[in-house]
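Here's the structure, in structure tokens; my notes come after.
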Amino acid sequence: MLQRERTIVAGALRSALSRAFGLDHDPVVEVPPQRRLGDLASPCALHLARELRQAPRKIAERLVECLELPEGFERVTVEGAGYVNFHLGRSRFAAAMIDADPVARSAAVDSQAKVIVEHTNINPNKAAHIGHLRNAVLGDVLARALRRLGQTTEVQNYIDDTGVQVADVVVGFLDLRGCSVADIEALPEPFDYVCWDIYSEVGRWYEGDPQRLELRRRTLHALEAGEGRRAEAGRLVARRIVIRHLATMARIDIDYDLLTRESEILRLDFFVAAFEQLKETGAVRFEESGKNAGCWVMPLADSEEFQGLEDPDKVIVRSDGTVTYVGKDIAYQLWKFGLLGRDFEYARFDGGPLWETAPAEPDAGDDDRERFGEGSRVINVIDARQAYLQRIVRAGLEALGHQDEARASIHFAYEMVALSAKTAERLGFSGDARLEMSGRKGIGVKADDLLDQLEAKSRDEILERRAADGDGEAAGEDIGVLARQIATASLRFFMARATTTRVIAFDIDDATSFEGESGPYLQYSIVRARNIRRRLREEGLAEEVPGSRVASLPAGVWSDDLWDLVLLASQCQEVVERAAATLELSLIARHAVDMAQKFHAIYHRHPILHEQDADLRDARLAVTQVFERSLEALGAILGVPLPERM
């Protein structure tokens, strides 16, 4: 909401500059560092001093003389070397905050345009691990932020069901262990844990006799062709693993609109269509000699972005006719933008709300079928190690003449996740917490194991706190539900709070702390705010104050610390817009913590229940209401469940 006032102030200053100096200038409007300096300030007089050849303070004073005070502001002052500072009418602004949506549809958003967010993308060959959780959380928070701002958003999860990783698990079952397809189907859950062990086991098996790698090659071709016993086993493995992955992500409230399968990209010849376009435009060439002899490559030596690389040419089709990952990614990216000229067939995944690309089902042509793809912007959430391949995908679009779509192809990069030493020990590891995770070697932290530990730690914390309060387990209350809510908040907030350029060391104790920068701290804050209103209700007092009453409160009731929290809450919209635009989602987490810390700071200084002055009580209650609604809005974007009780 403060963003609106910022725009109003900028307009008033622009008009004053025109009247006073005949200038057409867009002034900067900022939030000053100290409350005594006002609520909004502009350094425009300092910026124009050289052009006008006057002292900044003299310019500022002249501006104030020519300024029409905007509605909602009570005064304007000149401060310091020449800042023009604006002071809001506090009661009126707080009243507007009572009725405002803390994060509403953004005026900058075109809701008719679609943003496609692709995230998670776990190979369906084994259990999800801790690194996948960071990917999924970042993608989900971004999608929630975009939707909250009014942006049409489609979330896709790419399933590489024909890749080397699935092939190796199939080899492990069929050739190493001698299983039949029926044997694989009969294996008990957790199936993804079984495959975790198989995947590392088959890697060691290959090392024992490199000729066994021929089984991998045969299996890869079978998976791509979609025929025979190996393909049948691959489909079964992939589907069972995907079901497990979806269940893991559902534990932290993550879902999707569409599962796109690589097998369908191959079956429908998406790459064939893309490859023809690449050949027609000269974007790829066939190498007759050299180390890439027999391959189709994309020459990138002349591209400024790839200059300086020892081997800038990228193989798109190998000499054996198989397509590289980047070749498939280019075809998939073209489809996302509606540039491929063909589409998938779709079906409901297990009859639920989730869609998947699949051979046509009897009900796949129903009128309720979603229309997928055709995005105006595509954001691929992939770790920073994949930056080079993402650049090649953009280069492929550029080579085909799709310059706008190349610019709209965005790599949301992030760094990896390690473990703190204490958490590594808790999860059964020893030594350096930043040990190299290797699925091939079976070294890694399974996502479900981590979530189980978080839930157990949360349950212990709940019981310990209630025992200390003499509360014990409340009758009829499901401690397990609350433990899951706290575990979800712990994991999601920890993954979102760090900047994406940092490798993070996940620490269970830090993540589940009820104090400091954590998800449970936000939950505790909202519960404390709700308890105030509950106690007012129990005492027969009004638990909410209407905006009309707040607008009539005398100016003296708004102490600076109360007012600081109102102003901070009024910046939620701006923070979410900036986070979505820059892909720096930690801004949202930081803002939520800042609000919670200010709320706790004023909680004891400004009691509500026993305040006898009705004006003071209503002002404090109004601030509590504004805080509660604002934190609820940011919590929903972060995916932090906000329970009624802790």
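With only Cα atoms counted, segment 243-365 has Rg and Dmax values of 18.2, 53 Å. Projected label points at Leu463 and Gln211, each 7 Å from Cα along the beta carbon direction, are separated by 5.8 nanometres. Beyond 21 Å, how much of the Cα-Cα pair distribution for segment 453-554 remains, as a whole percent? Considering segment 453-554, 49 percent of its Cα-Cα pairs are separated by more than 21 Å. Partners of Lys279 within straight-line reach, counting lysines whose Cα lies under 28 Å from its Cα and excluding those fewer than 8 residues away in the same chain: Lys291, Lys314, Lys328, Lys336. Annotation for segment 43-78: trypsin sites (Lys or Arg not before Pro) lying in DSSP loop with at most 11 further Cβ atoms inside 10 Å of their Cβ are Arg53. Calculated mean residue ellipticity, 222 nm, the chain: -16000 deg cm²/dmol, from DSSP H runs (n ≥ 4) at -39500 (n - 2.57) each, averaged per residue and rounded to 500.
Relative to the first principal axis of the alpha-carbon coordinates of the chain, what is the inclination of helix 213-225, with its axis defined by its Cα atoms, in degrees from 0 to 90 and to the nearest 10? Orientation of helix 213-225: about 70 degrees from the principal axis.
Hey, quick one: spin label on Arg502, modelled 7 Å out along Cα-Cβ, who in segment 569-584 has an amide N within reach, i.e. under 15 Å? Flagged as within label range: 584.
So, R0 is 30 Å and r is the distance between the beta-carbons of Ser289 and Ile243; what FRET efficiency does that work out to, to 0.05? Provide the component values of the computation, followed by the final result.
Details: r = 48 Å, r/R0 = 1.59.
With R0 = 30 Å, the Cβ-Cβ based efficiency is 0.05.
Normalised by the number of residues in the chain, the mean separation of alpha-carbon contacts (under 8 Å, six or more apart) gives a relative contact order of 16 percent. Of all lysines in the structure, the ones whose alpha carbon falls short of 19 Å from that of Lys457, not counting any fewer than 8 places away in one chain, are Lys422, Lys446. Compared with the dominant principal axis of the Cα atoms in the chain, helix 479-497 is inclined by about 90°. Helix 560-569 and the longest principal axis of the C-alpha atoms of the chain enclose an angle of approximately 40°.
Given R₀ = 60 Å, FRET efficiency for Arg204-Gln112 by Cβ-Cβ distance, to 0.05? List each step's numbers first, then the result.
On the way: r = 54 Å, r/R0 = 0.89.
Once rounded, the FRET efficiency stands at 0.65.
Let a ≥ b ≥ c be the square roots of the eigenvalues of the Cα gyration tensor of segment 94-151; is it rounded (a/c under 1.5), or, if not, prolate (a/b larger than b/c) or oblate? Oblate, because a/c is 1.5 or more while a/b does not exceed b/c.
Can you work out the base-10 log of I(q)/I(0) for the chain at q = 0.06, 0.08, 0.09, 0.11 1/Å, using the Debye formula on its C-alpha atoms alone? For the requested q values the scattering log ratios are -0.43, -0.73, -0.89, -1.17. Between Asp253 and Glu30, the modelled labels are 3.6 nm apart [label points 7 Å from Cα along Cα→Cβ]. A dipole drawn for the chain from +1 and -1 charges on Cβ atoms has a positive end, and of Val29, Ala399, Gln165 the residue lying farthest that way is Val29.
So if I place +1 on the C-beta of Lys and Arg and -1 on the C-beta of Asp and Glu, and nothing else carries charge, what would the dipole magnitude of the chain be about its Cα centre? I want it in debye, nearest 20. Before the final figure, lay out the partial values.
Numbers: 81 positive and 106 negative charges, 276 e Å.
I would put it at about 1320 debye.
Dipole magnitude for segment 15-154: computed about the Cα centre from +1 point charges on Lys and Arg Cβ and -1 point charges on Asp and Glu Cβ, it is near 400 debye.
Modelled spin-label separation between Glu232 and Lys58, with each label point placed 7 Å from Cα along the Cα-to-Cβ direction: 9.2 nm. Separation of segment 604-636 and segment 152-192, taken as the distance between their Cα centroids, equals 53 angstrom.
Per the Debye calculation on segment 244-295 with a single equal scatterer at every Cα and no solvent contribution, log₁₀ I(q)/I(0) for q = 0.19 Å⁻¹ amounts to -0.79. Overall shape of segment 556-643 was characterised from the C-alpha gyration tensor. The equivalent ellipsoid obtained from it has semi-axes of 27, 13, 10 Å, in decreasing order.
Read-outs throughout are calculated quantities, based only on the coordinates presented, and are distinct from any laboratory measurement. Everything quoted here is computed from the prediction, not taken from an experiment. Cβ: placed from backbone, ideal geometry, glycine included. Neighbour counts: every protein chain shown.
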